[in-house]
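Here's the structure we're looking at; comments come further down.
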Amino acid sequence: MYETILLPTDGSDHAATVAAHAIDVAATRDATLHVLSVVDDRAFLVLDDNRVKQVRDDLEATAREAVDEAATRAADRGVETTTAVDTGNPAECIVDYAASEPVDLIVMGTSGDEYERNVVGSVSQRVVREAPVPVTTVGPDV
């Protein structure tokens, strides 16, 4: 049923928990894991032009570390991985990636912020609504 799983990651503390879930599903299903991190370029709108390159470089390095860490953990479990770093609106990039690659399932975290108003975080909420495949969300208290 699930041959290719997408794990969007931001490298946060919670990302390790989400990765563990995605890796477990991938290992159980003998699936390939695609690990994606997105540099949110909306942050550049408020920066002075002379700072954009340095901030972009820093964020891209952080994104690369996040995907490499998840890929290493997956490889330790014998899970085949593909990694990617993209730049743009995170929700849009995740949905676009799932639509353009042979993804069967997205496993992603949710911050759980403002749980009374939002069941999942804004990025997760949008991906759940717009993704062309099922989405499993992993909350912060798991």
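The values are calculated or read from the model by the stated rules, or taken from the named source; none is laboratory data. The structure displayed is predicted, hence computed values, not measured ones. Cβ: placed from backbone, ideal geometry, glycine included. Neighbour counts: every protein chain shown. Only protein heavy atoms, including side chains, enter the accessible area calculation; ligands, DNA and RNA are left aside. Shrake-Rupley method; radii C 1.70, N 1.55, O 1.52, S 1.80 Å.
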Does any residue in region 1-22 that is more than 15 Å from P102 (Cβ to Cβ) and at pLDDT below 95 come within less than 9 Å, Cβ to Cβ, of a residue that is among the hydroxyl-bearing types (S, T, Y) and assigned to a helix (DSSP H, G or I) six or more places away or on a different chain, and which pairs are these? D10/T62; G11/T62
Give me the pairs: first residue in region 46-67 and within 22 Å of L33 (Cα to Cα), second residue open to solvent by 80 Å² or more (accessible area, probe 1.4 Å) and not β-branched (V, I, T), beta-carbon distance under 7 Å, and six or more apart or on different chains, which are they? A66/D10
Considering (1) of a type in the set (A, V, I, L, M, F, W, C); (2) touching a residue at least 40 places away in the same chain (Cβ under 8 Å); (3) loosely packed, with under 15 Cβ neighbours inside 10 Å, say which one A43 fails and leave the rest. (2)
Please go through region 46-60 and pick out each residue that is open to solvent by less than 80 Å² (accessible area, probe 1.4 Å) and among the polar types (S, T, N, Q). none
Can you tell me which of (1) of a type in the set (V, I, T); (2) open to solvent by 20 Å² or more (accessible area, probe 1.4 Å); (3) under 11 Å from the mean Cα position of the chain (by Cα) is the one V18 doesn't meet? (2)
I'd like the full set of residues that are of a type in the set (A, V, I, L, M, F, W, C), more than 15 Å from P134 (Cβ to Cβ) and open to solvent by less than 10 Å² (accessible area, probe 1.4 Å), limited to region 24-40. L33, V35, L36, V39
